[in-house]
């Protein structure tokens, strides 16, 4: 739901995602989940693109984590790698997921 007036407050608070736009009433700003500080439709499109990019990054991180941990877990259970090697690989797994997430930087590079 996108709104800017007092009459939009109930819909903004009940919506899955409420977006208050630039110049809106204080009540709509308080009820919304997101506030866009620039006028026009472009910020809404940018927000939707950023949300899609974020969800894609989350999916990539989950897939990488599941694959990495399944492989390492299987190798550890079968005895191919020892506990010390598994302990070394675990932080590398976390760093890999962090690097994948950081590479997206969805909201940090918005053009104004």
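The values are calculated or read from the model by the stated rules, or taken from the named source; none is laboratory data. Remember, it's a predicted structure, so these values are computed and weren't measured experimentally. Every residue, glycine as well, gets a Cβ built from its backbone with ideal geometry; the counts of neighbours run over all protein chains shown.
Numbers at a glance
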{"quantity": "Residue 73 assigned to a helix (DSSP H, G or I) and either touching a strand residue (DSSP E or B) at 6+ places or on another chain (Cβ under 6 Å) or at pLDDT below 90 (or both)", "calculated": "yes"}
{"quantity": "Where a residue in region 27-42 is touching a residue at least 40 places away in the same chain (Cβ under 8 Å) and its partner, wherever it lies, is surrounded by 11 or more Cβ atoms within 10 Å (Cβ to Cβ) and part of a loop (DSSP other than H, G, I, E, B), with Cβ under 7 Å and at least six apart", "calculated": "38/22"}
{"quantity": "So residue 64, is it surrounded by 11 or more Cβ atoms within 10 Å (Cβ to Cβ) and under 24 Å from the mean Cα position of the chain (by Cα)", "calculated": "yes"}
{"quantity": "Residues satisfying the stated conditions in region 1-30, i.e. in contact with a helix residue (DSSP H, G or I) (Cβ under 7 Å, 6 or more places away or on another chain) and closer than 23 Å to residue 42 by Cβ", "calculated": "1, 2, 3, 4, 5, 8, 12, 18, 19, 20, 25, 28"}
{"quantity": "Filtered residues of region 11-29 (kept if in a helix (DSSP H, G or I) and loosely packed, with under 13 Cβ neighbours inside 10 Å)", "calculated": "14, 26"}
